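Here the structure is laid out as structure tokens; the discussion comes afterwards.
The values are calculated or read from the model by the stated rules, or taken from the named source; none is laboratory data. Bear in mind the structure is a predicted one, so any value in this text is a computation, not a measurement. Cβ atoms come from the backbone with ideal geometry, glycine included; neighbour counts cover every protein chain shown.
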Amino acid sequence: MDLGITAWEIDFFSRIRSLKRQALEQYLATEEARRSAQISLVSEVARVYLALVADRENLKLARSTLRNQQEMYNLIKKQVVEAVMDAVGQDFPVGYRFLADEMLPDGLQLEETRVYASELAKRGVAYLSVMVGTYDSFYLPEYKEMEREQGYMVKFAHEVKAAVPGTPVIAAGRIQSPEFASNIIEKGEADLIGLARVLFADPLWPKKARGEIKEPIVACEPTCSLCMQRVMKGKPADCSQWSKERRESFLKSVGQESLFP
Ligand SMILES: Cc1cc2nc3c(=O)[nH]c(=O)nc-3n(C[C@H](O)[C@H](O)[C@H](O)COP(=O)(O)O)c2cc1C
Ligand code: SF4
């Protein structure tokens with residue numbers, strides 16, 4: 001039968017019998033304080049532990065929901081690709097702008113996107129043009145740091161290329177010098193080179209690269225993000241490397257009066 005008395009309590013009563021009144025009061029006060037501290041400590045630990053268990057469960061649920069949504073998203077995108085290819089016919093090459101890594105915590109990463117790349121290759125896309133980052137990651141300090149480097153997306157293109165032998169892969173990412181571009185192709189890191197900002201800063205880049213114009217290439221400034229910032233705000237992109245007159249005349253032509261509206 002359970003008398004509801006713990007070993008600790010039995011010891012407690014046998015001990016107090018031998019104490020004088022004042023000593024007993026002191027002893028009880030000390031014991032009471034110790035006991036209530038112990039109880040509150042135990043209950044605090046239990047509370048924190050239960051909260052941790054609940055948080056872990058929520059995290060598990062959130063991860064599995066995210067995974068399901070990503071699978072669904074990929075499925076829809078694959079169906080879109082098939083629908084586009086059906087609509088344009090066999091003779092029309094359909095390439096795919098491919099986001100290899102969202103550069104976000106819990107975002108899509110190469111591990112998943114390489115699988116998706118091979119699914120697209122199986123469906124016969126003409127090429128994969130690899131990029132990384134989204135409007136949400138473009139503002140992150142680590143992304144800003146990374147994108148200053150010439151060819152910062154090449155390693156991602158290389159990883160994607162390994163997953164899709166037979167499908168041409170385009171690498172981009174502030175590829176400034178023709179020599180750097182040739183090197184990527186020679187090393188087999190990608191099959192084609194994409195230029196966006198670099199051409200924006202110097203539209204004569206290809207002619208200068210081929211030696212048809214003997215002038216230095218105007219570089220895209222690695223610390224600059226003006227064109228992208230403007231696009232993200234829904235404004236026409238202009239380039240900080242253009243002359244003041246050129247920028248102003250461009251902005252006028254698209255209906256904006258000044259450089260800093
Ligand atoms: C002003 C601007 C607008 C862009 N718009 C798009 C776009 O609409 N769709 C897209 O897939 N990439 C877009 N990009 C990304 C480029 O296609 C390219 O992948 C990226 O800028 C990296 O190449 P780069 O370093 O030579 O600029 C844009 C880039 C810039 C600078
Ligand atoms: S605006 Fe800045 S980032 Fe954009 S192309 Fe010109 S120099 Fe490069």
Filter pass, SER177 being of a type in the set (Gly, Ala, Ser), more than 11 Å from ligand 1 (Cβ to nearest atom) and outside the structural domain of ALA117 (by TED's automatic domain parsing): no
Of all residues making up the stretch 127-151, the number that are without any contact (Cβ under 8 Å) to a residue 40 or more places away in the chain and hydroxyl-bearing (Ser, Thr, Tyr): 3
Any hit, the stretch 29-45, residues being part of a helix (DSSP H, G or I), closer than 30 Å to ALA190 by Cβ, modelled with pLDDT of 90 or more and of a type outside the set (Phe, Trp, Tyr): no
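Here is a yes/no grid of residues against (1) touching an Asp or Glu at 6+ places or on another chain (Cβ under 6 Å); (2) near ligand 1 (Cβ under 10 Å from one of its atoms); (3) modelled with pLDDT under 95:
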| residue | (1), (2), (3) |
| --- | --- |
| ALA190 | no, no, no |
| ILE193 | no, yes, no |
| PRO203 | no, no, yes |
| LYS233 | no, no, yes |
| ARG246 | no, no, yes |
Residue in the stretch 88-97 that is under 15 Å from the mean Cα position of the chain (by Cα) and among the acidic types (Asp, Glu) present: no
Residues (in contact with a strand residue (DSSP E or B) (Cβ under 8 Å, 6 or more places away or on another chain), away from ligand 1 (no atom under 16 Å from the Cβ) and either of a type in the set (Lys, Arg) or in a helix (DSSP H, G or I) (or both)) located in the stretch 72-113: LEU110
Top-ranked residue of the stretch 126-146 - restricted to ones that are among the aliphatic types (A, V, I, L, M) and out of contact with any Pro (no Cβ under 8 Å at 6 or more places or on another chain), ranked as surrounded by the fewest Cβ atoms within 10 Å (Cβ to Cβ): LEU140
Subset of the stretch 138-168 that is in a helix (DSSP H, G or I) and touching a Phe, Trp or Tyr at 6+ places or on another chain (Cβ under 7 Å) - its residue that is farthest from ILE193 (Cα to Cα): MET146
Inter-residue pairs, beta-carbon under 8 Å, first farther than 20 Å from CYS220 by Cβ and in the stretch 240-257, second away from ligand 2 (no atom under 12 Å from the Cβ) and part of a helix (DSSP H, G or I), 6+ apart: GLU257/LEU251
